[in-house]
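Inspection log for the structure reproduced underneath, given as structure tokens.
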Amino acid sequence: MIQYTPTDTDRALFPDSYGQEARYLGYRQGEEAKPYAKYFRGETLPVQDHVRDVIGAGMAPTEYAYGVDEAARIMSRPGYHNMETGWTRVPGGFMICVLTDMPGVTAEMWDWWFGWHSTETARYKLWYPDAHQFSALGEDRSGDRTLTDRQRYIDNVSYVDEYVGGFLHRLAIRFTDPTRLGFDEPGPGHAVICARVGLSQYPVAQGWLIHQVRPTTNGAEMRSRFFLSDPQVLDLPHHSVPGRGAALLRGKTARKLGDSTLPRLAKRALGPTFGQDLLYHCGAEMNHLASFLPHLHEEFNGTP
């Protein structure tokens, strides 16, 4: 199984805004004055028809699942897999897949978005108005205009608070280079966004995410994959974890989490309906953002 090695950004001081910024859905007066606020919508667009149909159909066969260590080999093939949109149970958790058609969108726009949106909560809320509450970066690289869009988010951490299936989750999205998961360097018109996903308040990772963007005749498609069955205690300093979570880094407690306790805690945190909940969440946010991403990118590409 692929192991995640914490970066300098993982080990940096936790963002001050995490403990200071108010949490709420929607925009308030200060956010309404942002130059990109015209793209904010009070409600998220419905999911695409095939996503709604799959949710109604229930769990996919377990034989369709595979692990993150197989993802590059399987996803690099042309065509489609048996489970492009669906969810199924695997030992210790879930695998979730979502295919999103995105007319008029390019892979370049998605690399830009992941390098741009996390610097302000108001940007993050554009993505999913009904679910996104808060965002902060481990390292704000927006001022360095020598960096590419990918260099702004790879080996960076996005700390986000968001609802999935009506339950609030406080997450740490630790972006990593796709080549570390076995993918080739993405060519023109392609993008692969990979991250280790865990809890922001504890030194614990629960799974992986992959968003593969491929060109189509009318734009692009995103193939999203979530592998939620691989818990790991991360070797982080105390100042990189807020409050009570830092206590887990001390001696015997951290070692105890590394045995059979951690898998049980991770499975309990996901809940029995998390597979279909995350499938809907991903299908909603990707479809919603794709509806205005070309215009947002055209206006704000190249700006901090």
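The values are calculated or read from the model by the stated rules, or taken from the named source; none is laboratory data. Keep in mind that what you see is a predicted model, and the values were worked out from it rather than measured. We place every Cβ from the backbone using ideal geometry, glycine too, and count neighbours over all the protein chains shown.
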> Looking at Asp140, Asp149, Asp144, which is the one that is of a type in the set (Asp, Glu), surrounded by fewer than 18 Cβ atoms within 10 Å (Cβ to Cβ) and in contact with a helix residue (DSSP H, G or I) (Cβ under 6 Å, 6 or more places away or on another chain)?
Replying inline: Asp140
> Given the range 8-112, what helices (runs of 4 or more DSSP H) lie entirely inside it while holding 1 or more residues that are loosely packed, with under 15 Cβ neighbours inside 10 Å, at pLDDT below 95 and polar (S, T, N, Q)?
Replying inline: 29-32
>> Would you confirm, using the coordinates I've provided, whether His211 is within 23 Å of Arg77 (Cβ to Cβ), at pLDDT 95 or above and more than 12 Å from the chain's Cα centre (by Cα)?
In response: no
> Across the range 218-239, what is the total count of residues that are modelled with pLDDT of 95 or more and either surrounded by 22 or more Cβ atoms within 10 Å (Cβ to Cβ) or aliphatic (A, V, I, L, M) (or both)?
Replying inline: 7
>> Which count do you get for residues in the range 1-40 that are basic (Lys, Arg) and over 21 Å from the mean Cα position of the chain (by Cα)?
In response: 3
> Pick from the range 183-199 the residues that are buried (at least 23 other Cβ atoms within 10 Å of the Cβ) and not β-branched (Val, Ile, Thr): which of them is farthest from Asn82 (Cα to Cα)?
Replying inline: Gly198
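Name every residue in the range 156-170 that is touching a strand residue (DSSP E or B) at 6+ places or on another chain (Cβ under 7 Å) and surrounded by fewer than 18 Cβ atoms within 10 Å (Cβ to Cβ), in order of residue number.
Leu168
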>> Can you confirm whether Thr146 is out of contact with any strand residue (DSSP E or B) (no Cβ under 7 Å at 6 or more places or on another chain), of a type in the set (Val, Ile, Thr) and over 21 Å from Leu289 (Cα atoms)?
In response: yes
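What are the residues in the range 15-41 that are closer than 21 Å to His169 by Cα and touching a residue at least 60 places away in the same chain (Cβ under 8 Å), if any?
Answer for the range 15-41, where residues must be closer than 21 Å to His169 by Cα and touching a residue at least 60 places away in the same chain (Cβ under 8 Å): Pro15, Ser17, Tyr18, Gly19, Glu21, Arg23, Tyr24, Leu25, Gly26, Tyr27.
Those residues that are in contact with an Asp or Glu (Cβ under 8 Å, 6 or more places away or on another chain) and of a type outside the set (Val, Ile, Thr), I need them from the range 168-177; list them, please.
Within the range 168-177, Leu168, His169, Arg170, Leu171, Arg174, Phe175, Asp177 qualify.
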